[in-house]
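Here the structure comes first, spelled out in structure tokens, and everything after it is commentary.
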Amino acid sequence: MADNPVRPCWGCNTFDSDPRHVVVLDNGTDEPMHVDCCADKRGCQVCAGNLAGVAPGTTGEALREHLLSLAPQHILHVPNGDHADPYDLTTVTEG
């Protein structure tokens with residue numbers, strides 16, 4: 001398997017190897033989205049925080065290098081109780 005495989009992004013319907021945040025749904029399917037799409041379309045605060053300080057439009061290896069330079073995080077995805085939200089999750093970063 002390639003280190004950076006080509007995968008879909010369901011936020012912008014693009015297939016490439018750019019970094020993604022993959023959310024696995026209760027039914028076992030997953031929904032990969034580019035980090036910027038995840039921040040914009042899911043409202044993911046983890047992805048938004050990871051993009052802080054990055055020039056808008058940064059993609060590919062430049063974005064991958066930025067993400068790899070960040071300190072590890074422990075992320076909890078807790079149901080938010082909003083039945084209108086198809087992901088029904090919040091993102092909380094610990095420590």
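Side notes on the structure shown:
- Looking only at the stretch 32-61, and only at residues there that are within 11 Å of the chain's Cα centre (by Cα) and assigned to a loop (DSSP other than H, G, I, E, B), the one that is surrounded by the most Cβ atoms within 10 Å (Cβ to Cβ): Cys44
- For the stretch 15-27, the set of residues classified as of a type outside the set (Asp, Glu), assigned to a loop (DSSP other than H, G, I, E, B) and within 19 Å of Asp85 (Cβ to Cβ) consists of Leu25, Asn27, listed by residue number.
- Tally, over the stretch 19-31, of residues that are modelled with pLDDT under 90 and either among the basic types (Lys, Arg) or surrounded by 15 or more Cβ atoms within 10 Å (Cβ to Cβ) (or both): 3
- Hey, Cys12 touching a strand residue (DSSP E or B) at 6+ places or on another chain (Cβ under 6 Å) and either at pLDDT below 80 or outside any strand (DSSP E or B) (or both) or not: no
- Residue pairs whose Cβ atoms lie under 6 Å apart, sitting 6 or more positions apart in sequence or on different chains, and linking a residue in the stretch 70-93 that is among the basic types (Lys, Arg) to a partner that is modelled with pLDDT under 70, do not occur here.
- Any hit, the stretch 62-80, residues being within 21 Å of Cys12 (Cα to Cα) and either modelled with pLDDT under 85 or buried (at least 16 other Cβ atoms within 10 Å of the Cβ) (or both): yes
The values are calculated or read from the model by the stated rules, or taken from the named source; none is laboratory data. Because the structure is a prediction, the values reported are computed rather than measured. Methodologically, a virtual Cβ is constructed for each residue, glycine included, from the backbone with ideal geometry; neighbour enumeration extends over all protein chains shown.
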